[in-house]
1. crowded, with 16+ Cβ neighbours inside 10 Å and either over 19 Å from residue 423 (Cα atoms) or outside the structural domain of residue 321 (by TED's automatic domain parsing) (or both): does that describe residue 505?
2. Yes or no: region 187-204 includes at least one residue that is within 25 Å of residue 316 (Cβ to Cβ) and part of a loop (DSSP other than H, G, I, E, B).
3. Hey, among 206, 182, which residue is under 28 Å from residue 549 (Cα atoms) and in contact with a helix residue (DSSP H, G or I) (Cβ under 9 Å, 6 or more places away or on another chain)?
4. Within region 161-173, does at least one residue satisfy the condition of being in contact (Cβ under 8 Å) with a residue 24 or more places away in the chain, touching a strand residue (DSSP E or B) at 6+ places or on another chain (Cβ under 8 Å), outside any strand (DSSP E or B) and at positive phi?
5. Filter region 582-601 for residues that are in a loop (DSSP other than H, G, I, E, B) and under 35 Å from the mean Cα position of the chain (by Cα); which is surrounded by the most Cβ atoms within 10 Å (Cβ to Cβ)?
6. When you go through (1) in contact with a strand residue (DSSP E or B) (Cβ under 7 Å, 6 or more places away or on another chain); (2) modelled with pLDDT of 95 or more; (3) farther than 21 Å from residue 263 by Cα one by one for residue 559, which number turns out not to apply?
7. Looking only at region 476-486, decide whether some residue is modelled with pLDDT of 95 or more, within 29 Å of residue 580 (Cβ to Cβ) and surrounded by fewer than 18 Cβ atoms within 10 Å (Cβ to Cβ).
């Protein structure tokens, strides 16, 4: 055999590492084996927040097809090098741990052709974990104060479910100045709260309204759905409903209708009372709202067909003494978290049963409101020793109107928050789960400057009790009895800077409230909190007053108490709760929720203030 001659017909052909026949005319034909190519992975740039996932295969191919792994995959996937702490990768999908630290990371991977695992190629991933925060809070029933489980919480592409205690947590939320957190449940209307997400934890609590009425109507004929003991109403047209895909609906429609009462509790309203005017957030005042949701017999949501319309009646609910004959109608955009003007509503009805009526072309939450003239309250937020607090939330809550305003403190703890021109409002600050004292402001036509900073309650050393109610009785009063016998109420409002370190910040005598008691230090012993029907209206039936008390202690979840059954025409005291304080400032709250004809009392003890270890 000559030197250089290869025995037989096996030759090394081309750049392939596979031995095969090159063909020729001096021997039998031998089939040419398939030559496989290496995959083509692409370097990736990924931005991902903790608790979330991303695939690195989306832009990778092999032999002209999209790369895929698994039982029917065309590539195999392995990581190269050491993965950063908090990163796991399986099947080409990156998953970040919920406590992954923000920063920039690099990781590598290799793809091999599943048909020939010698044909491989590698790529790198530049991973960025941006600064992020955690959003969490509590879902409560607005009518009972009870926790609401199984509420779906949505924020962008993130979701969570409230547990048996009504709590939820959404980790890995990108920092943002304004987000809409949406809450939905089978038993309660969908609503939204607006938040500013910062590093650390952002508290977003919600009060959910249960559906007020559930009516079944034939779609072919339409009809009227109402709420018992309310002027709330919707009139549906005949054959005027469609499914989400635009096809005509038939059979019966389930109409779930719920009035919203901003006068009783502004927090019942979706969003934060803002609309957009020329691209700028602008506050609104409300005269009432109505939520309407429609479902077919299979539970699929329906809405009005193109060209169809329905008529609404929105019960009048406002803290304002002014009732315009006509006001704009706004619907709520859950995604953007703002109210959008669409249509007009007209005041109708009889005294004691007023409502706004208007025509709409789709269903959501509809609000009878309008933009109000604003002034700005300028001030600052500080802690108990005078340090200014950046990134605190400051809210104005209308007393002479139904609406709120929101602002955030700057790096120096300063803020400028809107309220209605020539209106009356309460202003309060919040940082994480700490609240400030509350200030009542009676504004004129010019911006208003606070005399001193709003001061955060020291962590674990205090709290607030906030009372609101309906139009009647005109005057409900907050009463707090301290362990040493100190009685904080309208005639003895107390003091936050000296004993008893508790103060009635805001007193209200003209319906709705709020009345706010703030505690800056806590005595060891038992406190008692009660509400008195001072004006004696409604024949002393406090259960008819829509009274509710919101209780905030710095190291405990929000509590909401709502006056319910159990009183009589002989009882004008609602004994809401008691709380015990030990020497280390641990607070134990006990629900009382009873009625009596006489004021509660305490057996005084020597005043000793707790200290936090």
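The values are calculated or read from the model by the stated rules, or taken from the named source; none is laboratory data. On a predicted model such as this, the values are computed, not experimentally measured, just so you know. Please note: Cβ atoms are built from the backbone with ideal geometry, for glycine as well, and neighbour counts cover all protein chains shown.
1. Yes.
2. Within region 187-204 (the criterion being within 25 Å of residue 316 (Cβ to Cβ) and part of a loop (DSSP other than H, G, I, E, B)), the answer is yes, since at least one residue qualifies.
3. Just a single option satisfies the conditions, and that option is 206.
4. Among the residues of region 161-173, at least one is in contact (Cβ under 8 Å) with a residue 24 or more places away in the chain, touching a strand residue (DSSP E or B) at 6+ places or on another chain (Cβ under 8 Å), outside any strand (DSSP E or B) and at positive phi, which makes the answer yes.
5. 585
6. (3)
7. For region 476-486, residues modelled with pLDDT of 95 or more, within 29 Å of residue 580 (Cβ to Cβ) and surrounded by fewer than 18 Cβ atoms within 10 Å (Cβ to Cβ): present.
So that you can scan it fast, the table gives a plain yes or no per residue for (1) in the same structural domain as residue 121 (by TED's automatic domain parsing); (2) touching a strand residue (DSSP E or B) at 6+ places or on another chain (Cβ under 9 Å); (3) under 26 Å from residue 130 (Cβ atoms):
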{"site": "40", "(1), (2), (3)": "yes, yes, no"}
{"site": "49", "(1), (2), (3)": "yes, yes, yes"}
{"site": "52", "(1), (2), (3)": "yes, yes, yes"}
{"site": "60", "(1), (2), (3)": "yes, yes, yes"}
{"site": "63", "(1), (2), (3)": "yes, yes, no"}
{"site": "66", "(1), (2), (3)": "yes, no, no"}
{"site": "71", "(1), (2), (3)": "yes, no, no"}
{"site": "88", "(1), (2), (3)": "yes, yes, yes"}
